[in-house]
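Here is the structure we will look at.
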Amino acid sequence: MELSALTALSPLDGRYASRMGALRGLLSEFGLVHRRVQVEVAWFIALSDAGLPEFPPLSAAARDWLQQRVAGFAPADAQAIKDIERTTNHDVKAVEYWIKQQFAASPFPELTAKGEFVHFACTSEDINNTSHGLMLKAARQDVMLPSLDGIVAVLTAMAHQLAGLPMLSRTHGQTASPTTVGKEIANVVARLQRGRERIAGVALLAKMNGAVGNYNAHLSAYPDVDWEAFSRGVIEQRLGLNFNPYTIQIEPHDYMAELFDAFTRVNTILIDLSRDIWGYISVGYFKQKTKEGEVGSSTMPHKVNPIDFENAEGNFGLANAVLTHLAQKLPISRWQRDLTDSTVLRNMGVALGYTLLGYDSLAKGLGKLEAHPANLAADLDAAWEVLAEPVQTVMRRFGLPEPYEQLKAFTRGKVITQQLMQDFIQSLALPEAEKQRLLALTPGHYTGIAAQLAARI
C-alpha cells in the first residue's frame, strides 16, 4: 500500500501531518542527513585551515560552493545518499561517499584532490552527535520555544484581562476561599516561565574526538596538532554547540536527558492546565466560541465539547511517555559504545512532535475561551460559607473565645446564606468598625491581592 496521510502508521504523519510542517525538515531522516552533510563540510573546511602541510587552505570560491551545497540541500540530495546506503549498509559512510561524488562533479579540482580529508579521523558518532545537537538546536529555537512562547503570551494576556474577575476556589473539589480567574491563570504563567528557562538553558553538547574519545587516529597522522583545541573550535565556533571534552565513543547524552526532562516538566504543567480548564468549562466558568458548521456530538446537537483541551492532554501524555524513555535510556551505553541509542534517537521527532501537537491543540482551545461572569458570580453568591475564614480570623485578632470552633459549628454541613452569615457577625462582640467591615464583605470581594498578583505577571 502506498504511503500517504491515510496509510501512515503514525498520526503525526497522518491525521496531524499538516500541523507538523515546522518540525519535519528538522527532526526527520532528511533533517538528520542534512545535518550530517553540514558537519562533514564544516570539519573538511576546518581541516583546510589547520595548517596541515598536505591540505592547504581552500579557495574562497570552493568554500562558497561547499556552503551552498549545505544551504541548498534538498530531498533529492538526501535520497541520493539513501541510495548509496543501500550498497554501504552504513548511513554515515554513505554521506562521505556522496560528498566525494559532489567533489568529482564540481568545478574545483582542489576538492577532488583532497577528498580523503572528508571524514578524516572521524568515527560515525563524531558526525551523528553533532548532527543531533544541531537538529535539537534548530528545533528548540525555531519551533518549540516560539510555540511555547505563544501560549505563554496568550495566558499572560488572559491573566491581565481577567485579573479582577472573582472566582470561587474548589480545593479538594469543595468551596474554598475565592480567587480571581486571572490569578489562577497567572499561577500557570509563572510555572511556564520557569519551565521555559530550563528548556532554553540546557547547553547542547557535542564531541569530535574519535573512536573512544582520545583522538587516537588524529594523533597517529599529525602528532603535533592540538586536536582537542581544534575540535573545540569546530564545535563551538563553526557549529555553535558546546564542547564536551570527556566522552566514550558517543557523547553521553546527559544534556539530552536534561532537555527532554525540561520539556516533560512543561508538558506536565500544561496537562494540569488543560484538565483545570476542562473542569471550568464543565461548571460554566468558561464558555467556548462556536464555529459555523462544526458538530459537537453526533446525536446531541446542543454540545460544544472541550475537545482541544482533551486533545492537548492526550498528546502531552504521549509526548511525555516518549520523552521520559529518551531521558532514561539515552545516557546508558554498554562500555565504550552500543547501538541502542541510535534507533531510540530517531524518535526525537516523535517526542517533540507530540509536544508541538499539544501546544497547537491548547492554543486553539485557548482561542475559543470566553469567561462567563454571570455564572462565576452566581457560584460565589451561593457560597457564603467561605466567609467563615475571614470572620474567625478577625475573631482571633480580638481574642474572642474559640473562633474556629464557633465557625465550624455554625457552618459545617449547612447551607449558609447571606442573611445567616450577617446575623452571625452581628452577634459578635467585635468593635463596631470591624463588625461593619465584615458585614460589607461578600464572597466576590474576598480575594486578597489576587488581582494585583495577576496584573503584574
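The values are calculated or read from the model by the stated rules, or taken from the named source; none is laboratory data. Please read all numbers here as calculations on a predicted model, not as lab measurements. Reconstructed Cβ throughout: ideal geometry from the backbone, glycine too, with neighbour counts over all protein chains shown. These area figures cover heavy atoms from the full protein model, side chains too; ligands, DNA and RNA do not enter into them. Shrake-Rupley method; radii C 1.70, N 1.55, O 1.52, S 1.80 Å.
The table that follows gives values for the structure above.
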| item | result |
| --- | --- |
| Residues satisfying the stated conditions in the range 2-18, i.e. exposed (fewer than 12 other Cβ atoms within 10 Å of the Cβ) and either among the acidic types (Asp, Glu) or under 21 Å from the mean Cα position of the chain (by Cα) (or both) | 2, 18 |
| The range 201-223, residues that are surrounded by 14 or more Cβ atoms within 10 Å (Cβ to Cβ) and within 30 Å of residue 265 (Cβ to Cβ) | 202, 204, 205, 206, 207 |
| Test result for residue 420, open to solvent by 70 Å² or more (accessible area, probe 1.4 Å), over 30 Å from residue 133 (Cβ atoms), of a type in the set (A, V, I, L, M, F, W, C) and in a helix (DSSP H, G or I) | yes |
| Some residue of the range 105-112 being open to solvent by less than 10 Å² (accessible area, probe 1.4 Å) and either part of a loop (DSSP other than H, G, I, E, B) or closer than 30 Å to residue 315 by Cα (or both) | no |
| Residue check, residue 136 of a type outside the set (Phe, Trp, Tyr), open to solvent by less than 10 Å² (accessible area, probe 1.4 Å) and over 25 Å from residue 212 (Cβ atoms) | no |
| Sole residue being open to solvent by 30 Å² or more (accessible area, probe 1.4 Å), in contact (Cβ under 8 Å) with a residue 24 or more places away in the chain and closer than 30 Å to residue 224 by Cβ, chosen from 42, 50, 62 | 50 |
| Members of the range 423-436 that are small (Gly, Ala, Ser) and not in a helix (DSSP H, G or I) | 427, 429 |
| Candidates 353, 358, 349, filtered to the one that is within 13 Å of the chain's Cα centre (by Cα), open to solvent by 10 Å² or more (accessible area, probe 1.4 Å) and either charged (D, E, K, R) or under 17 Å from residue 323 (Cβ atoms) (or both) | 349 |
| Any chance residue 83 is touching a residue at least 60 places away in the same chain (Cβ under 8 Å) and either in a helix (DSSP H, G or I) or open to solvent by 20 Å² or more (accessible area, probe 1.4 Å) (or both) | no |
| Candidates 203, 186, 190, filtered to the one that is outside any helix (DSSP H, G or I), in contact (Cβ under 8 Å) with a residue 12 or more places away in the chain and within 30 Å of the chain's Cα centre (by Cα) | 203 |
| Of all residues making up the range 224-268, the number that are open to solvent by 70 Å² or more (accessible area, probe 1.4 Å) and not hydroxyl-bearing (Ser, Thr, Tyr) | 10 |
| Qualifying residues in the range 115-133 (those that are open to solvent by 20 Å² or more (accessible area, probe 1.4 Å), in contact with a helix residue (DSSP H, G or I) (Cβ under 6 Å, 6 or more places away or on another chain) and assigned to a helix (DSSP H, G or I)) - the one nearest to residue 48 (Cα to Cα) | 117 |
| Test result for residue 257, of a type in the set (A, V, I, L, M), closer than 16 Å to residue 330 by Cα and touching a Pro at 6+ places or on another chain (Cβ under 7 Å) | yes |
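Quick grid of which residues meet (1) assigned to a loop (DSSP other than H, G, I, E, B); (2) open to solvent by 20 Å² or more (accessible area, probe 1.4 Å):
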site	(1), (2)
363	no, yes
377	no, yes
410	no, yes
438	no, no
447	yes, yes
451	no, yes
